């Protein structure tokens with residue numbers, strides 16, 4: 001029997017395991033990712049539409065896109081989590097899981113969005129208050145000056161860094177909702193706890209798929225007149241969304257292993273290491289994941 005591969009708890013392990021899970025059940029995941037198509041279409045086609053033509057249909061379409069996106073996140077997360085442990089899962093099982101997870105996912109997403117907006121508004125209020133104090137107590141600020149423009153740019157960078165940090169902290173929240181049946185603040189706090197020690201991995205997953213996703217969306221938006229190119233671009237955007245959901249589901253299980261919440265076996269061969277034994281996709285050879293922080 002061939003030696004079992006060792007997957008370290010890092011970015012490479014997350015990518016390789018999530019990719020293998022998708023490839024082993026390719027049509028299963030492709031079918032579930034079709035829920036993302038309206039979102040992909042919305043992201044790529046909306047910038048070219050006349051706003052006047054969308055005044056009536058826009059809110060309705062946004063609602064449809066949101067509902068289907070939640071369905072995609074819930075079903076893909078459910079399937080990936082079960083596939084990670086080698087459990088068989090059917091399309092019907094994934095769809096049925098929405099009965100218990102859909103409203104929890106939707107409410108958790110809404111709460112996360114509201115908190116993000118509140119954080120942004122609070123930051124803008126603090127910056128505005130600081131500028132007013134400086135303007136009154138020290139010197140008059142020239143809002144057309146280069147210094148003010150630089151200060152504004154720095155403030156925007158700081159805000160982006162804060163938002164990215166918050167999203168890293170909450171990156172596992174949707175997986176927590178599906179797997180642990182938590183929701184809202186509880187899911188967000190649980191995610192923040194689990195991601196400790198793996199924040200860099202979560203950030204790299206976000207930046208990697210965010211970068212390539214933005215490139216794909218931009219490419220589709222500028223190639224709408226070439227139908228074949230546009231359709232292929234939509235499919236690539238859809239697969240990018242699929243990959244990031246699968247990656248964060250795998251990362252969730254890695255984080256649980258790092259926090260000692262999965263069964264650990266101690267293997268001593270010269271040096272003592274902690275290992276997590278997980279069922280593989282062929283149900284014969286287990287995955288061995290070394291518990292090493294990234």
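Taken together, the values in this text are just the output of simple stated rules run on the coordinates, not laboratory data. Because the structure is predicted, anything quoted here is derived from the model rather than measured. Every residue, glycine among them, receives a Cβ derived from its backbone with ideal geometry; neighbour counts consider all protein chains shown.
Some points to look at:
- What the Cα convex hull of the stretch 135-249 gives, in volume per residue, is 177 Å³.
- When 102, 84, 212 are arranged by Cβ crowding within 10 Å, least crowded first, meaning fewest neighbours, the order is 212, 102, 84.
- Fewest neighbouring Cβ atoms within 10 Å first, the residues 26, 208, 78 line up as 26, 208, 78.
- Cβ-based exposure ranking for 248, 147, in which fewest neighbours within 10 Å come first: 147, 248
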